[in-house]
Structures are given as structure tokens and as C-alpha cells.
Amino acid sequence: MHEQATTTPAGYMQNAQGHLVPFEVIKPIDLERDRLVREIVVAAQELSEALTRFKAGAMGDIEAFVKLSAEQYETRYGGNKGNVSLVSFDGEYKVLRAINEFITFDERLQVARELIGECIHAWAEGSRAEIRTLINDAFSVDRQGRINTARILALRRLDIQDERWQTAMQAIGEAIQISGSKAYIRVYKRQSDGSYRQINLDLAAL
């Protein structure tokens, strides 16, 4: 018997258009497809719930350990912005708690863009083509109208002493806004060459 909503009468299945269809007129292959899809979905939901419980439990355990270590041994495990790396005694396994921040920019980014434009105009033919390309790419947007944060921040690493450029880089720094953050758990196993390989918890990457 196929699981249906309580409003579906016995002996019927509801199709994608919301119509009630008698079992006897439904092709066997359609019934088998429905059974397979529901079976996979149930397994996927159980796996998703298990991963959610694992993440919550691991996050809580790591936080508790960090506090215990700080209290008893005055050892600081937390890295920049809450990142924590824990390694087993034999070095075989490593657990990483990573906090990824979502960066946006306020209106001062437009000030920086205008100043950079003035620099490009002043440099004219004297500026290197690859730098002009890098700048143009940094301020390009994707199909959703979003800019590439990494490319904008990469501009600050360019060693350009022009005063307008330096002012623009200061404006970019002041325009940075943290709009949110997300915590991740990554688990690693040491390989024979001494490097660590991540134990994949991403279904798409398996």
C-alpha cells in the first residue's frame, strides 16, 4: 500500500495535477516508480536527520572541550574567528571546526570604485593590462547582480602606492560588513604520505 495523504480515498492515488486516479488504471511501471522514489526519499530524510544530529552533537562536544581546556589547562584551542583544530594523540585523525563569515559591502564600495576609476584614467596607457583586467573583473557582477567578494578583497593585496589607490583600499576596508556566519565540521584521516584527507560527508562528492 502506498503512503498517501489522509484526504485520498482508498483505492486511489493523487497525481501531480491533484487529480484522483484509481489504482486499476495506473500502469505498473508508474506504481513501481512511485514506490522507488518514496523509498529513496525516506532513506534520504533519515540520513539528513542523522547528519543534523551529528553536527549538533559534534559542535556541542567541541565547544565543551574548548571550555574545559581553557579552564583546566589554560590552553587556547580556538583560532581566528572561532576556528578550532583538534588532533588525536597519534595524529591519525583531525577534526576541524570552521566558521565561515559572509561578507558584504556598504555604499563605501562605490566610493572605492570611483577612486579606482580615476587611477585607471590617470595611468592610461602606462598601466599594465593585467591590472586593468583584474580591476574590471573584481567589480563585475554575476547573473544575480552580486559581486565577487574574493576578487574585491584581492585588490587590497596589490602593491600600488598611488595615493588615490591607497584611499580606495581604505574605503574597501571600511565598507566590509559581516552579514552572517555558518559553522562547519570537517573530519580528516592521515594518509601514508603524512597529508590529511577529508572524510567526505557531502553526498554529491562521494
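The values are calculated or read from the model by the stated rules, or taken from the named source; none is laboratory data. Please read these numbers as outputs of a predicted model, since none were measured by experiment. So basically every Cβ, Gly included, is an ideal-geometry build from the backbone, and we count neighbours across all protein chains shown.
What strands (runs of 3 or more DSSP E) lie completely within the range 80-194 and have 3 or more residues being surrounded by 14 or more Cβ atoms within 10 Å (Cβ to Cβ) and free of Cβ contacts under 8 Å to residues at least 60 places away in the same chain?
Filter on the range 80-194 gives 84-87.
For the range 16-56, give me each residue that is of a type in the set (D, E) and either surrounded by 11 or more Cβ atoms within 10 Å (Cβ to Cβ) or assigned by TED's automatic domain parsing to the domain that holds R97 (or both). Give the derivation first.
Initially, the range 16-56 is screened for residues of a type in the set (D, E), giving 24, 30, 32, 34, 39, 46, 49.
Result: D30, D34.
Give G180, G145 a once-over and let me know the one that is under 24 Å from G82 (Cα atoms) and out of contact with any His (no Cβ under 8 Å at 6 or more places or on another chain).
Matching residue, one of G180, G145: G180.
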